[in-house]
Amino acid sequence: MLLAMVAATAFVSCSPQIAQKPAPAVTFVTIKGEKIAMNALRGKVVLVNFWATDCPVCLKEMPRLIETHQKFQARGFETVAVAMWYDPPISVVDYAEKNKLPFKVAFDPVGENGKAFGDVTLTPTTFVIDKRGNIVSRILGEPDFKKLHELLETKLAEPA
């Protein structure tokens, strides 16, 4: 029963028709010490992915997130991979460097970013945010990348 509920939630969450709400006004701190305010990303389509180095599904989807980032980045797309609060920073840095992650990788050391995005506790959890700063999709688990790319195409074509 629980699995069916999670699957149903994931299916509904992938739908671009969910009610839009503003992305939280968080500031991400990257593994390089860079601060990125969510409101500074306005005008771009942003994918925020909550993940962990001990999450098999997260590690499985990471090459597809890299491909997605590379496919869309020149068109005003940004990716922020947010490591969960319990993930050891050295593990996050090692993974990011070893796998040459081309996007921003941030720490969430006390879970503030996860709380702001609706109490994210399960990984991976991915959000798509449009150019106006609204969350247009929440995906629990590995995304259907074909549907994700269709959504990104649509949102990138919209005016800011």
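The values are calculated or read from the model by the stated rules, or taken from the named source; none is laboratory data. Keep in mind that what you see is a predicted model, and the values were worked out from it rather than measured. Note that each Cβ is placed from the backbone with ideal geometry, even for glycine, and that neighbours are counted across all protein chains shown.
The table for this structure:
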quantity: The stretch 102-124, residues that are assigned to a loop (DSSP other than H, G, I, E, B), in contact (Cβ under 8 Å) with a residue 24 or more places away in the chain and not charged (D, E, K, R); calculated: Pro102, Phe103, Pro109, Val110, Gly111, Phe117, Val120, Thr123, Pro124
quantity: Residue in the stretch 61-81 that is at pLDDT 95 or above and on the phi > 0 side of the Ramachandran plot present; calculated: yes
quantity: Conditions (1) buried (at least 17 other Cβ atoms within 10 Å of the Cβ); (2) among the aliphatic types (A, V, I, L, M); (3) in contact (Cβ under 8 Å) with a residue 40 or more places away in the chain; (4) not in a strand (DSSP E or B); number of the one not met by Val80; calculated: (4)
quantity: Every residue from the stretch 28-62 that is closer than 10 Å to Ala106 by Cβ, of a type in the set (Val, Ile, Thr) and under 15 Å from the mean Cα position of the chain (by Cα); calculated: Val29, Thr30, Ile36, Val48
quantity: Meets criteria (within 16 Å of Gly33 (Cα to Cα), of a type outside the set (Phe, Trp, Tyr) and either outside any loop (DSSP other than H, G, I, E, B) or in contact with an Asp or Glu (Cβ under 9 Å, 6 or more places away or on another chain) (or both)) for Val92; calculated: yes
quantity: Any pair with Cβ under 8 angstrom, 6 or more apart, that starts in the stretch 25-46 at a residue that is without any contact (Cβ under 8 Å) to a residue 60 or more places away in the chain and ends at one that is of a type in the set (Val, Ile, Thr); calculated: Thr27/Ile36; Lys35/Thr27; Lys35/Val29; Ala37/Val26; Ala37/Thr27
quantity: Residue list for the stretch 125-160, filter: assigned to a loop (DSSP other than H, G, I, E, B), under 15 Å from the mean Cα position of the chain (by Cα) and of a type in the set (Gly, Ala, Ser); calculated: Gly133, Gly141
